């Protein structure tokens, strides 16, 4: 997971890249077999214990999801916690520092 | 003798902790992936699964930015923003996909209604965005011409 969180006037702009195959469950491999669905279902971001972002994804989100959002009320030096979970139960949770613009 | 000062503070701290846990729990419990909406094969069904039967109106207050032509349907950049107050949810759909709902965002008290995401599009069709504010749904859409489909 690559995250860039930049604060300007208490508004934080976050850009994320999560490496994930985001298999739709409809693609066939070279042998003609269906590749099982495997995709991120939820992404959450929290700051000081409060959720500031929550998204539900389906397999229509591109491979290696790259997305951006903004939230209020944090400053450079604070930490942002980001977690995701996929349809097979894999998950990742990490803290990232918010930096000044 | 009654309870000690230390005991009193311990009890109060415990009570406060349980209260704060309880106030967080319902949100956690209900924050579940909406499988009905994501598996719906028609856009209208996906909207109903997500939002029930709230009235929908077309709105120019939601700004949707997409390319007119996408060379690769596997990566179509979509941006959504709005100055409309009171938005609590924004969802992105690709009308022609096998399952039209692509992503649904909770606009929490601290989330700004300003999002971008790369989506898959099976073929040429409309990208539709629905925002919920109060008990109404606001819709905007734009056509994207897809050269090579991105869902195969």
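Since every read-out is calculated from the coordinates, none of them should be taken as a lab result. Nothing here was measured: the structure is a model prediction, and the numbers come from that model. Neighbour counts run over all protein chains shown; Cβ positions are idealised from the backbone, glycine included.
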Quiz item: In what sequence do B:128, B:69 fall when counting other Cβ within 10 Å, fewest first?
Solution: B:69, B:128
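On alpha-carbon atoms, Rg over Rh for segment B:32-152 using Kirkwood Rh?
Using Cα coordinates only, the ratio equals 0.95.
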Practice problem: From zero up to wherever the largest Cα-Cα distance of the protein assembly as shown sits, split into 10 Å bins and tell me the percent of pairs in each. | Solution: 7, 28, 34, 19, 7, 3, 2, 0, 0
Quiz prompt | A:101, A:79 arranged by Cβ crowding within 10 Å, fewest neighbours leading | solution = A:101, A:79
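Sequence gap at least 6, Cα distance under 8 Å: using those rules, report the relative contact order of chain A to the nearest whole percent.
Numbers: 243 pairs, mean separation 33.4, N = 101.
Here the relative contact order equals 33 percent.
Report for chain A the percent antiparallel among DSSP-assigned beta bridges with both residues inside it, nearest 5. Don't skip to the end; give the middle numbers.
Numbers: 35 of 37 bridges.
Roughly 95 percent of the DSSP beta bridges within chain A come out antiparallel.
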Quiz prompt | Relative contact order (%) - segment A:1-51, alpha-carbon pairs under 8 angstrom, separation at least six | solution = 23
Quiz prompt | chain A - convex hull of the alpha-carbon atoms, volume per residue in Å³ | solution = 86
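So between residue A:100 and residue A:35, what do we pick up on full extension, going 0.36 nm a residue minus the alpha carbon distance? Walk me through the numbers on the way to the answer.
Values: separation 65, 0.36 × 65 = 23.40 nm, distance 4.25 nm.
Residue separation times 0.36 nm, minus the Cα-Cα distance, leaves 19.1 nm.
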Practice problem: Order by neighbour count: B:51, B:138, fewest other Cβ atoms within 10 Å first, most last. | Solution: B:51, B:138
Quiz item: Rounded to the nearest 0.05, what FRET efficiency do residue B:71 and residue A:48 have when you use their Cβ-Cβ distance and R0 = 45 Å?
Solution: 0.60
Exercise. Starting from the Cα of residue B:81, step 7 Å toward the Cβ, then list every residue of segment A:48-81 with an amide N under 15 Å from that point.
Key: A:68-72
Quiz item: For segment B:106-151 and segment B:58-86, what is the separation of their Cα centres, given in Å?
Solution: 6
Quiz prompt | FRET efficiency, 1/(1 + (r/R0)^6) with R0 30 Å, evaluated for residue B:145 and residue A:8 via beta carbons | solution = 0.25
Quiz item: Say R0 is 41 Å: what FRET efficiency, to the nearest 0.05, do residue B:63 and residue A:90 get from their beta-carbon distance?
Solution: 0.75
